[in-house]
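Encoded as structure tokens, the structure appears first; notes follow it.
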Amino acid sequence: MSMNLSNKGGFDGPVAWDGPGTASALSRWAAGQLARFLGWVALWWGAVFVTVGLLPVGAVVPMTLVLAVLMYNAVMSLIKLCRVGRMRRILTVYPWRQQPDGVRYDARGRKASFVLPDPDRPEKTVSPKISGFFFRPWDRIARKGFDGDLWYAGDPRFACVIAKPGLKTLTYAAQRTAYDTRTDPRRKGLSPEARRRARAIGARVAE
């Protein structure tokens, strides 16, 4: 796959959506999330059937925890699937960029975190957050060690689409302040171009 990538923190280059393979990669990601959602729902109904029809009364309490975990994963898959439109908007507004050492692993918390440059101040870094607690692929990737350049499109102060080279393992990561109306929107350190692009993806920007 041939694609022009920048390792700068700014907004240079054609938008990611115009790059070869981006649209199909997002379609595959959405199909995978739909399959996961349907799979978790099927497992939940299967667990309900086993709990009600086959297990003794004493097993109901531990199975309640199993049902709760299955439902949580089904809901998280549905939430991720509902973000496909937001991800597409990001890809039509920002270019693909690459970042060496862009993912870190916290052994204590057993979680991955992204470390990306501030587009207006590349010497500073920002860490958009991944949602969920279970089955987060980047936790496993970071734990095993990731030596390549991270691909990402977006502004890490708001929201990004992140991928392994070759548009693999697409992930949505965002700051809570970008879309959550219960928080104060970002106000400082934003260039006019950063504000324009953030508003184009529907993110909240203070006047």
Exercise. Any idea which of Val41, Val52 is surrounded by fewer than 16 Cβ atoms within 10 Å (Cβ to Cβ) and assigned to a helix (DSSP H, G or I)?
Worked result: Val52
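Among the acidic types (Asp, Glu) and surrounded by fewer than 22 Cβ atoms within 10 Å (Cβ to Cβ) - does that describe any residue in the range 119-138? Quick ask: steps written out before the conclusion?
Restricting attention to the range 119-138, the residues satisfying the condition of being among the acidic types (Asp, Glu) are 120, 123.
After this cut, where a residue has to be surrounded by fewer than 22 Cβ atoms within 10 Å (Cβ to Cβ) as well, the list is 120, 123.
Yes, because at least one residue in the range 119-138 is among the acidic types (Asp, Glu) and surrounded by fewer than 22 Cβ atoms within 10 Å (Cβ to Cβ).
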Exercise. What pairs come up if the first residue lies in the range 131-145 and is touching a residue at least 60 places away in the same chain (Cβ under 8 Å), the second is of a type in the set (Ser, Thr, Tyr), and their beta carbons are under 8 Å apart, counting only those six or more places apart or on different chains?
Worked result: Phe134/Tyr72
Problem set entry | Cβ pairs under 8 Å, 6+ apart, first in the range 90-101 and farther than 16 Å from Leu170 by Cβ, second open to solvent by less than 10 Å² (accessible area, probe 1.4 Å) and among the polar types (S, T, N, Q) | none
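Looking at Arg36, is it within 16 Å of Gly132 (Cα to Cα), open to solvent by 70 Å² or more (accessible area, probe 1.4 Å) and either assigned to a helix (DSSP H, G or I) or of a type in the set (Phe, Trp, Tyr) (or both)? Let's see the steps before the verdict.
On the way: within 16 Å of Gly132 (Cα to Cα): yes; open to solvent by 70 Å² or more (accessible area, probe 1.4 Å): yes; either assigned to a helix (DSSP H, G or I) or of a type in the set (Phe, Trp, Tyr) (or both): yes.
Considered against the rule, which asks whether it is within 16 Å of Gly132 (Cα to Cα), open to solvent by 70 Å² or more (accessible area, probe 1.4 Å) and either assigned to a helix (DSSP H, G or I) or of a type in the set (Phe, Trp, Tyr) (or both), Arg36 comes out as yes.
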For this session: Please identify the pairs in which a residue from the range 184-204 that is at positive phi has its Cβ atom under 8 Å from the Cβ atom of a residue that is part of a loop (DSSP other than H, G, I, E, B) and of a type outside the set (Val, Ile, Thr), counting only partners at least 6 apart or on another chain.
Result: Gly189/Asp118; Gly189/Asp120; Gly189/Arg121; Gly189/Arg157
Exercise. Would you call Ala107 open to solvent by 50 Å² or more (accessible area, probe 1.4 Å) and under 30 Å from Val48 (Cα atoms)?
Worked result: no
For this session: Within the range 55-86, track down each residue that is over 20 Å from Leu26 (Cα atoms) and in contact (Cβ under 8 Å) with a residue 40 or more places away in the chain.
Result: Val69, Tyr72, Asn73
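The values are calculated or read from the model by the stated rules, or taken from the named source; none is laboratory data. These numbers come from a predicted model, not from an experiment. Note that we place each Cβ from the backbone using ideal geometry, even for glycine, and neighbour counts take in every protein chain shown. Please note that ligands, DNA and RNA were not included when accessible areas were found on the heavy atoms of the full protein model with its side chains. Shrake-Rupley method; radii C 1.70, N 1.55, O 1.52, S 1.80 Å.
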